[in-house]
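Undergrad: Following this message is one structure expressed as structure tokens.
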Amino acid sequence: MNIQNQMTTARNGVNVEALREIRTALTDMPPAAQFTFRANCEWLGGVHSRSTVETFFGACAEQTHRMPYSVEADHPLVFAAPDNAATPVEIVLSALASCLTGGIAAIAQHRGIQLHSVRSTVEGDMNLHGILGIDPDVRNGFSAIRVTFEIEADASRDEIAAVVAQSQKRSAVFDIITNPGNVKVMVR
């Protein structure tokens, strides 16, 4: 079976042809590839907050999602908080899992690989002596992150591993975590 036939038989819900057209358009017009994503966050009390994403800049214009999306964050009871939502660091782990999973679906579709299930576990190790100010030599963030995938697909183990590797290579969130950029914090 040739690649062209494989792409039409895999039904992972990713429109590869539209992605190719977008890639071509962004290659032909580099300024359109510059995006600015944003989130607005509101304190709800205690350490509970709600972030909302609605607009972003991209394709040389302001864009609006179909609807606003919200993510709440809090801390668990063991941190003397009411545990109203996932912690911010759990949201980061979730973002990593979601970005890698989306990439797996797109790459598998492009390669003509039919997925049946994709599940992952993402774990991050953290010593709270850092964020609690107990030990200034302990970093505030994760000391290690592990991502484990369980994937059922019409493909060999090597083909699946190659899809995961390509997803990791192209993942924006993986890049953000492993190669942090400049972050500037201001008060207005």
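Read-outs: derived from the displayed coordinates by stated rules, not from any lab. Bear in mind the structure is a predicted one, so any value in this text is a computation, not a measurement. In this analysis, Cβ positions are derived from the backbone assuming ideal geometry, glycine residues included, and neighbour counts consider all displayed protein chains.
Undergrad: Just to verify a number: FRET efficiency for residue 77 and residue 27, C-beta to C-beta distance, R0 = 41 Å, to 0.05?
TA: 0.20
Undergrad: Per residue of segment 87-93, in order, report the coupling 6.51 cos²θ - 1.76 cosθ + 1.60 (Karplus, θ = phi - 60°) as ³J(HN,Hα) in whole Hz, putting x for Gly and Pro.
TA: Karplus-based 3J(HN,Hα) across segment 87-93 equals 6, x, 5, 5, 5, 4, 4 Hz.
Undergrad: Something else: Please list, ordered by chain and number, the residues whose modelled amide H lies under 5 Å from the amide H of residue 126; skip anything fewer than 5 residues away on the same chain.
TA: 143
Undergrad: Please turn the phi angles of segment 98-103 into ³J(HN,Hα) values with the Karplus equation 6.51 cos²θ - 1.76 cosθ + 1.60 (θ = phi - 60°), one per residue in order, whole Hz, x for glycine and proline.
TA: So the Karplus estimates, Gly and Pro as x, are 5, 5, 5, 5, x, x Hz.
Undergrad: Using amide H atoms built 1.01 Å from N in the peptide plane, name the residues 5+ places from residue 114, or on other chains, whose amide H lies under 5 Å from its own.
TA: 154
Undergrad: Relative contact order for segment 85-185: what percent, with Cα pairs under 8 Å and sequence separation of 6 or more?
TA: RCO, segment 85-185: 33 percent.
Undergrad: Apply the a/c threshold of 1.5 to the C-alpha gyration tensor of segment 1-94 and tell me whether it is rounded, prolate or oblate.
TA: oblate
Undergrad: With θ set to phi - 60° and the Karplus curve 6.51 cos²θ - 1.76 cosθ + 1.60, what are the ³J(HN,Hα) couplings of segment 108-119 in order, to the nearest whole Hz, using x for Gly and Pro?
TA: For segment 108-119, the Karplus-derived couplings read 4, 4, 4, 8, x, 9, 7, 8, 10, 7, 9, 10 Hz, x marking Gly and Pro.
Undergrad: Can you give me the C-alpha center-to-center distance between segment 165-185 and segment 36-86, rounded to a whole angstrom?
TA: 20
Undergrad: Something else: Separation between the residue 186 and residue 94 pseudo-spin-labels, each 7 Å from Cα along Cα→Cβ, expressed in nm?
TA: It is 3.0 nm.
Undergrad: Sorted by mean Cβ packing within 10 Å, highest first, what order do the peptides 59-71, 176-188, 11-23 take?
TA: Those peptides, ordered most packed to least, come out 11-23, 59-71, 176-188.
Undergrad: Efficiency by 1/(1 + (r/R0)^6): what FRET value for residue 146 and residue 117, r their Cβ-Cβ distance, R0 = 25 Å, to the nearest 0.05?
TA: About 0.80, to the nearest 0.05.
Undergrad: Within a Cβ distance under 15 Å of residue 113, other residues only, what is the Lys/Arg minus Asp/Glu net charge?
TA: -1
Undergrad: Taking square-rooted eigenvalues a ≥ b ≥ c of the alpha carbon gyration tensor, is segment 10-178 rounded, prolate or oblate, where a/c under 1.5 means rounded and, failing that, a/b exceeding b/c means prolate?
TA: Oblate shape, in that a/c is at least 1.5 and b/c is the bigger or equal ratio.
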